1. Let me spell it out: the conditions are (1) modelled with pLDDT of 80 or more; (2) under 29 Å from Leu185 (Cβ atoms); (3) among the charged types (D, E, K, R), and Glu151 meets all of them except one. Which number is the exception?
2. Tell me the helices (runs of 4 or more DSSP H) entirely within the stretch 194-275 that contain at least 2 residues that are of a type outside the set (D, E, K, R) and modelled with pLDDT of 65 or more.
3. I'm told Leu96 meets every condition in (1) modelled with pLDDT under 90; (2) in a helix (DSSP H, G or I); (3) exposed (fewer than 14 other Cβ atoms within 10 Å of the Cβ); (4) not aromatic (Phe, Trp, Tyr) except one. Can you identify the failing condition by its number?
4. For the stretch 38-64, which residues satisfy the criterion of being surrounded by fewer than 18 Cβ atoms within 10 Å (Cβ to Cβ), modelled with pLDDT under 95 and under 16 Å from Leu174 (Cβ atoms)?
5. Sort out which residues of the stretch 79-93 are assigned to a loop (DSSP other than H, G, I, E, B) and either within 18 Å of the chain's Cα centre (by Cα) or at pLDDT below 50 (or both), and write them in order of number.
6. Checking the condition at pLDDT below 90 and in contact with an Asp or Glu (Cβ under 8 Å, 6 or more places away or on another chain), which residue from Arg181, Arg140 passes?
Amino acid sequence: MGSLRIAPALLALALAARADGEAAKPAAPAAEPLRDPIARLLDADGDGALSAEELKGAGAALLSKDTDKDGALSREELKAGGLGGEEGAPRRGGMLARFDSDGDGRISRDEAPEWLKQGFGEIDRNGDGFLDEEELRAMRGRRRGGRGGREGAPGQEGARPEWTGRGRTGPTLLALLDADRDLSLSAKEIENAPKALLDLDKGGDGALSREELAPPPRPLAGLDRDGDGRISREEASERLKRRFDELDKDKDGFLDEAELKALDAVPGPSDREPE
């Protein structure tokens, strides 16, 4: 009988010792918060990744910042909610900056250079007699189709969203979700958020890891001071300036990665000259 009474006591001691041992174990370090503000909002469990369930709830999470309850997020609501609103703003650069002499945000036939006038009617998709940024972007996409570019402008059916908006730390999820690039999220863009985010799911598991959420490496980091993925004439080194017009195949006033590859493929004698 005595041994039967001792057994429960020993069991209790063993369980207590085990509990003390587990309590003494250091807690697992918390995952480092995601850098992108929208990713942080969606990461409900704070594990530094987005599960399939968190992606499914992306719309509801975004609408938690909809203060006027209109089913959309204005630029002001995005900024007030700490989700952006300035990153990814359309830049008035490239051909518009060079040829839009009256500053109306469009290029008229009179303002267009001779090479652009030749295809003006084809590029002017809406037939209004002007070329706007969307039409110019579509033109660049068609020209770069053979170099891995995408057909169609962002927001058009069949066009994959481009993660091109940039904040201080690189491209942002706001730029991925904001298909029409107006620095706000419409009800449709919010509804489409789970599908748009899955564009980053390289592993095909229906979730996004920290690695998949990380901004792509900033291209041309050595010269691309404003982080827009292109080198302007002002950013170019002296060596590049000497061949800028030759390398700028689409004449948009910038050199992208595809155009710079030509520099390696067909080096000119000046490319080896010291800076």
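1. The failed condition is (1).
2. Counting at least 2 such residues, we get 244-247, 257-265.
3. (3)
4. Arg40
5. Correct list: Gly82, Leu83, Gly84, Gly85, Glu86, Glu87, Gly88, Ala89, Pro90, Arg91, Arg92.
6. On the way: Arg181 fails: in contact with an Asp or Glu (Cβ under 8 Å, 6 or more places away or on another chain).
Just a single option satisfies the conditions, and that option is Arg140.
The values are calculated or read from the model by the stated rules, or taken from the named source; none is laboratory data. Quantities reported herein were computed from a predicted structural model and do not represent experimental measurements. Methodologically, a virtual Cβ is constructed for each residue, glycine included, from the backbone with ideal geometry; neighbour enumeration extends over all protein chains shown.
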